[in-house]
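Reviewing the structure listed below.
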There are 2 protein chains.
Amino acid sequence: MTTLRQLGEDRVVERLVGLLPRFSEAVMQGPGDDCAVLKVAGTAKLQLLKTDAVVEGVHFLGTEDMERVGWKALCRAVSDIAAMGGRPESALITVLARADTPWERLEGLYRGIARAASRFGVSIVGGETGQIHGPLACNVCLTGWVDPERVVLRSGGRPGDVLLVTGTLGGSLHTGRHLDFQPRLEEAAWLVEHFRPSAMMDLSDGLAKDGPRLAAASGCAFGLEPERVPCTAGYGLEQALGDGEDFELLMAVAPEEVARIELAWRETFPELLLSRIGALLPKSDSLPPADAPKTRGYDHFQES
Amino acid sequence: MTTLRQLGEDRVVERLVGLLPRFSEAVMQGPGDDCAVLKVAGTAKLQLLKTDAVVEGVHFLGTEDMERVGWKALCRAVSDIAAMGGRPESALITVLARADTPWERLEGLYRGIARAASRFGVSIVGGETGQIHGPLACNVCLTGWVDPERVVLRSGGRPGDVLLVTGTLGGSLHTGRHLDFQPRLEEAAWLVEHFRPSAMMDLSDGLAKDGPRLAAASGCAFGLEPERVPCTAGYGLEQALGDGEDFELLMAVAPEEVARIELAWRETFPELLLSRIGALLPKSDSLPPADAPKTRGYDHFQES
């Protein structure tokens, strides 16, 4: 018997995806990116689809302010839509709770969801409430739209592309930022309107895990320059690489575009860092730098 | 402190929906029907969105064959798309499981999902796996499409409309049918192509609960003729009204259309019952028949 912990999240997902039937031709991007991307007959735009869950005891504590949990639940999915260059539209909310849950907990959760929905222009169009003999869980399914000429996949990176990251990394769980973060929706929309990142994703499991994922999707190796990683004040490189839940953007950009992007970024978002942290490398150069910390990022089945 | 059990599912949902911000104009039907219905600029069709979850210990036993659980998880949502007159397209799967879950359980779940996806033409375009310190839960988010002239809401019924139900009701949990049922996708598609039901829904919480929901959505009272309810062999009226998980179609039809529908139905689906079980009544006639059993149907927060 093999358990999920023994396999680890990435191998579990790889095996599950291997069990699925072939997609229809409408599917431009299936599992393996921040969102699924679908063609819709008659429209010029592509539809984005995302599902994401937060679970008590894993993504938030049972004692947490539920309004912050609701904000987080919706904003995690908004962050994924942003990372494709899209705009969110409609959400469906599933809440699983014990029958003896105080109403006020669900009320708080929904107030947080509603606040995030108003802030980011999302309509909550449906949902499901069900009983669970266990921890409270909230799943968000979010749709969005993106112009075909602006969509950014994880897989478009090329060797030599410079890797840029927004904000600072690390300490999100410890500082509570993971419950109050701002998805980089405006920033990503501005980026894809004015520039053409070759690949992009949002950082949820930590740069040490997500960086190699983006590189692998692009058929490249992840060339990190550890000394360039922007660490949150009070936190070191190990936390910046491994803590996860940063919800910042990681993007790959053609070398000749970097200086233009950096200049325009500083004028447009003067209060948000944009840092070069390395480059995509040819796949044969896949050895990590000898001085990189041995942190792995967050694995959903290997931490407790 | 008020608990979810004290409020009951319908009041919990009503209160949660009351907390939500206004929808965008693209939303033709928000919470309160089998699916949300959205207009999509540029397309002639309407998009349907559904989210639904199955939870170990509530919707299936921990000892159950997981392939049957996977079939059920996807087919529940397919049944909701069918009940709007639509066709399913793309699904996103969320699986929450303990880290010590044997891989074989998830494999079985996904084999069942994949089988249902192949059977009903659904592409599984994405998903999410996460840890839970509790029972296994699987959420399905499903999209679909429907012609605007064929979409059937719960709210279109009128006083005098005859209520028809497919198949037989009751005993689904006891016989195991709830894990192997066939969503009435072909039947519903045929109905909306050839006729015009004024209202329709799928029966998941039992006729005693779902019938009044359809009637209320249509601004009518639920006029049940208990002696006409088609009970599953070996089960009585109480089970037919209260067991739930039937996943049959309940529809309201203009009186002048009923005979035509019944005749064509018998020719097209000779092996599936279509039964008249009552009518929608003006709201003032809302007293239940004196001889109706006092069963309530399934409430997600009031049963254990």
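Just so you know, all these numbers are worked out from the coordinates, no wet-lab data involved. Fair warning: this is a prediction, and the values are worked out from it, not measured in the lab. Reconstructed Cβ throughout: ideal geometry from the backbone, glycine too, with neighbour counts over all protein chains shown.
Descriptive notes on the structure:
- Under 5 Å from the amide H of B:T129 lie the amide H atoms of B:V95, each residue being 5 or more positions distant or on a separate chain, with H modelled from the backbone and absent for Pro and chain starts.
- Per residue convex hull volume, Cα atoms of region A:154-285, in Å³: 94 Å³
- Cα convex hull of region A:4-146 - mean projected area over all directions, nm²: 9.8 nm²
- Remark: relative contact order (chain B) = 21 percent; criterion is Cα-Cα distance under 8 angstrom and separation of 6 or more residues.
- Exam field: A:H133 pseudo-label spacings to other copies (7 Å along Cα-Cβ), nanometres: 1.9
- Put simply, the amide H of A:F60, placed in the peptide plane, has neighbours under 5 Å in A:V55, leaving out anything fewer than 5 places away on its chain.
- Cβ-based charge dipole, region A:4-146, positive-most Cα from A:G134, A:M84, A:M66: A:M84
- Here region B:154-285 is treated with +1 on each Lys and Arg Cβ and -1 on each Asp and Glu Cβ, and its dipole about the Cα centre works out to around 380 debye.
- Just checking the listed ones, A:G112, A:G85, A:G57: in the Gaussian network model of chain A with Cα springs under 10 Å, the one fluctuating most is A:G57.
- The label point for A:D147 and the one for A:L273, both projected 7 Å from the Cα toward the Cβ, are 3.1 nm apart.
- For region A:73-90, putting each phi into the Karplus relation 6.51 cos²θ - 1.76 cosθ + 1.60 with θ = phi - 60° gives couplings of 4, 6, 5, 4, 6, 4, 4, 5, 5, 4, 5, 8, x, x, 10, x, 10, 10 Hz, in residue order, rounded to whole numbers and with x for Gly and Pro.
- By the equivalent-ellipsoid construction on the alpha carbon gyration tensor, region B:1-45 comes out with semi-axes of 30, 11, 5 Å, ordered largest to smallest.
- Taking the alpha carbon gyration tensor of the protein assembly as shown, multiplying each eigenvalue by 5 and rooting it gives semi-axes of 45, 24, 22 Å, largest first.
- Shape index of region A:158-232: Rg/Rh, with Rg the Cα radius of gyration and Rh the Kirkwood radius from the inverse mean 1/r over Cα pairs, equals 0.96.
- Rg and Dmax of chain A, based on Cα coordinates, read 19.0, 59 Å.
- Part-to-part distance (alpha-carbon centres) for region A:1-21 and region B:1-80, which is given in Å: 27 Å
- Förster radius 30 Å - calculated FRET efficiency between B:K283 and B:A26 (Cβ-Cβ, nearest 0.05): 0.45
- For the A-to-B rotation axis, chain A residue with nearest beta carbon and its distance in angstrom: A:G134, 1
- Whole-Hz couplings from phi, Karplus 6.51/-1.76/1.60, listed for region A:163-175; x for Gly and Pro: 9, 10, 9, 8, x, 10, 10, x, x, 4, 5, 6, 7
- Two-site label geometry, B:E257 and A:E14: point separation in nm, points 7 Å out along Cα→Cβ: 5.3 nm
- Placing a label point 7 Å from Cα along the Cα-to-Cβ direction at A:D147 gives distances to the equivalent points in the other copies of 3.4 nm, listed shortest first.
- GNM flexibility winner over chain A from A:L16, A:L281, A:L61 (Cα, springs under 10 Å): A:L16
- Too-long pairs where the Cα-Cα distance tops 31 Å, listed order kept, from A:K283/B:K50; A:K72/A:K209; A:K39/A:K72; A:K50/B:K39; A:K72/B:K45: A:K283/B:K50; A:K72/B:K45
- Other-copy label distances relative to B:R266, 7 angstrom Cα-Cβ extension, nm: 8.3
- Relative to its Kirkwood radius, the Cα radius of gyration of region A:237-282 gives an Rg/Rh of 1.00.
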